[in-house]
Amino acid sequence: MSSSTAEESARSEAAMLPSPTPVQLINERGVAVDNDTETAAKYPMPSPEALMRAYDKLVTGRRVNDQAGALVRQGKMAVYPSSHGQEACQVAAALCLDAQDWLFPTYRDTVAVMTRDVDPVEVMVLLRGDWHSGYDPIEHKVATQSTPLATQLLHAVGVAHAAKLKGEDSVVVAMCGDGASSEGDFHEALNFAAVFHVPVVFFVQNNQYAISVPLSHQSVAPSLAHKAIGYGMPGERVDGNDLAGVLSVLGTAVQRARDGGGPTLVEAHTYRMQSHTNADDATRYRTDAEVAEWAPKDPLVRMKKYLTDAAVLTDEAEAAIGDDAERVAATLRDGLNSEVSVDPDDLFKYVYSEPTPQLNEQAAMLRDELSREGE
Ligand SMILES: Cc1ncc(C[n+]2csc(CCOP(=O)(O)OP(=O)(O)O)c2C)c(N)n1
Ligand SMILES: [Mg+2]
């Protein structure tokens, strides 16, 4: 290998590696970080308007998480995987996309789906147990919230590949958790995306746990973002509680994909502040002291401090943002407190265009069981 080829190859390898520490634009005290020139050029601070728009969604996202928790306790929803503490990731994942782009969320990404302007009640009916999905994925370009881990990543790559073949200008953001990165589907999706150079951004919210399994039992790689180079795509890591940082890093990756630069793997370092779902008791596998360490890193607190100090966020603006969030919470309460009548047959109707014999059998069993209810 000639020395210039060797240098070029070393440069392109280095470009695929993530930053030595997670990218951060605003620190935990709400102060802008003085980054080196290269990082600052690659990840510019979003404009005050963009930050205000995102902060508005952040406040609503937190309110939605709190409201959903209350609705579960009141028996109005079956289950809620909260993204409390992860709202910066949620908001940024939706706001980095244009109208023609696609989002592939998981069960924990309700706030991301709502931030893409899907009706809040339509989003929640899945978690009430009424429907497989209450919104139309094609209308909103938001796939259904996936519970089988990492399966959505393959679907996302398929959509991105199709968009590329059709010459469409759309980018796909595919979300998953740290635990999902151990799935075979994760590997297949990243490998296919890199080999076929498709416009997709893989966005891993590393919230440190897969239910009770800590990250240390999931991976011993230097970071999840380091996995990217093994597939031949760039990886980046970002402080997932820094809204400005996540917006900038995801924005850069989305633009790269749009410009024909191929896929990127972005890992956000964050923390699941509450239990996995209401059916889990996190005190059984982690200490209060560990949770307390993350409390001061709250994405809302630092964004509020930064915007207030910059005199962008005024008391009136804060009050208006709070009112918006209350309106969304009231919409959720009204929608989920209303009586709903569901047809049990619908469970089977839309699985395949032609029902399979097994589905027909299961539907008949359910009908029989229901007809004997109360006997
Ligand atoms: C294929 C598959 N295996 C197992 C499960 C059960 N399960 C549901 S959530 C979860 C943990 C996932 O953790 P992570 O990917 O880190 O996401 P988080 O819940 O932390 O957002 C597991 C194992 C599942 N839903 N799908
Ligand atoms: Mg996790």
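What is the one condition in (1) crowded, with 22+ Cβ neighbours inside 10 Å; (2) away from ligand 1 (no atom under 15 Å from the Cβ); (3) among the acidic types (Asp, Glu) that Asp109 does not satisfy?
(2)
Quick one: is Leu336 assigned to a helix (DSSP H, G or I), touching a residue at least 12 places away in the same chain (Cβ under 8 Å) and assigned by TED's automatic domain parsing to the domain that holds Trp131?
yes
I need the full set of residues from region 101-121 which are farther than 27 Å from Asn27 by Cα, in contact with a Lys or Arg (Cβ under 7 Å, 6 or more places away or on another chain) and not acidic (Asp, Glu), in order please.
Passing the criteria: Trp102, Leu103.
Considering only residues that are part of a strand (DSSP E or B) and either within 26 Å of Val220 (Cβ to Cβ) or polar (S, T, N, Q) (or both), which ones fall in region 134-153?
Listed by number, the list holds a single entry, Ser146.
Do we have any residue at all in region 142-155 that's over 17 Å from the mean Cα position of the chain (by Cα) and either surrounded by 24 or more Cβ atoms within 10 Å (Cβ to Cβ) or touching a residue at least 24 places away in the same chain (Cβ under 8 Å) (or both)?
No, because not a single residue in region 142-155 is over 17 Å from the mean Cα position of the chain (by Cα) and either surrounded by 24 or more Cβ atoms within 10 Å (Cβ to Cβ) or touching a residue at least 24 places away in the same chain (Cβ under 8 Å) (or both).
Pull out all pairs, ordered by first then second residue, where Cβ-Cβ is under 9 Å, the residues are six or more apart or on different chains, the first lies in region 315-332 and is under 15 Å from Met124 (Cβ atoms), and the second is acidic (Asp, Glu).
Ala329/Asp66; Thr331/Asp119
If we scan region 342-359, do we find a residue that is within 30 Å of Val33 (Cα to Cα), touching a Phe, Trp or Tyr at 6+ places or on another chain (Cβ under 8 Å) and surrounded by 13 or more Cβ atoms within 10 Å (Cβ to Cβ)? Can you show your working first?
First, pick out the residues of region 342-359 that are within 30 Å of Val33 (Cα to Cα): none.
No, region 342-359 has no match at all.
Confirm whether Leu224 is buried (at least 20 other Cβ atoms within 10 Å of the Cβ) and either within 13 Å of ligand 1 (Cβ to nearest atom) or more than 15 Å from the chain's Cα centre (by Cα) (or both).
Taking the combined requirement at face value, the residue satisfies it.
Could you grab me the full set of residues in region 69-87 that are more than 24 Å from Leu58 (Cβ to Cβ) and in contact (Cβ under 8 Å) with a residue 40 or more places away in the chain?
Lys76, Ala78, listed by residue number.
Any idea how many residues of region 154-180 are under 18 Å from Arg116 (Cβ atoms) and within 16 Å of ligand 2 (Cβ to nearest atom)?
3
Which pairs have Cβ atoms under 8 Å, sit 6 or more apart or on different chains, and link a residue in region 162-189 that is under 13 Å from Thr106 (Cα atoms) and away from ligand 1 (no atom under 13 Å from the Cβ) to one that is assigned to a loop (DSSP other than H, G, I, E, B) and of a type outside the set (A, V, I, L, M)?
Pairs that qualify, where the first residue is under 13 Å from Thr106 (Cα atoms) and away from ligand 1 (no atom under 13 Å from the Cβ) and the partner is assigned to a loop (DSSP other than H, G, I, E, B) and of a type outside the set (A, V, I, L, M), are Val173/Cys96; Val173/Asp101.
Just need a number here: residues in region 99-124 that are in contact (Cβ under 8 Å) with a residue 60 or more places away in the chain and more than 16 Å from ligand 2 (Cβ to nearest atom).
9
Would you confirm whether or not region 154-176 contains a residue that is farther than 21 Å from His197 by Cα and either assigned to a helix (DSSP H, G or I) or outside the structural domain of Thr270 (by TED's automatic domain parsing) (or both)?
Checked region 154-176: no residue is farther than 21 Å from His197 by Cα and either assigned to a helix (DSSP H, G or I) or outside the structural domain of Thr270 (by TED's automatic domain parsing) (or both).
Hey, does region 32-50 have a residue that's among the basic types (Lys, Arg), closer than 17 Å to Ala310 by Cβ and surrounded by fewer than 17 Cβ atoms within 10 Å (Cβ to Cβ)?
Within region 32-50, none of the residues are among the basic types (Lys, Arg), closer than 17 Å to Ala310 by Cβ and surrounded by fewer than 17 Cβ atoms within 10 Å (Cβ to Cβ).
When you look at Glu183, is it within 16 Å of ligand 2 (Cβ to nearest atom) and either closer than 15 Å to Gly232 by Cα or acidic (Asp, Glu) (or both), yes or no?
yes
Could you grab me the full set of residues in region 212-243 that are charged (D, E, K, R) and either assigned to a helix (DSSP H, G or I) or at pLDDT below 95 (or both)?
Hit for region 212-243 is Lys227, nothing else.
Show the residue pairs meeting these rules: Cβ distance below 8 Å; 6+ apart or different chains; first residue within region 204-223 and assigned by TED's automatic domain parsing to the domain that holds Pro299 and farther than 18 Å from Ser19 by Cβ; second residue within 7 Å of ligand 2 (Cβ to nearest atom) and part of a strand (DSSP E or B).
Taking only residues 6 or more apart or on different chains, the pairs are Asn207/Gly177; Ala210/Gly177; Leu215/Asn206; Leu215/Tyr209; Gln218/Ala210.
The values are calculated or read from the model by the stated rules, or taken from the named source; none is laboratory data. Just so we're clear, the structure is a prediction, and the values are computed from it rather than from any experiment. Cβ atoms come from the backbone with ideal geometry, glycine included; neighbour counts cover every protein chain shown.
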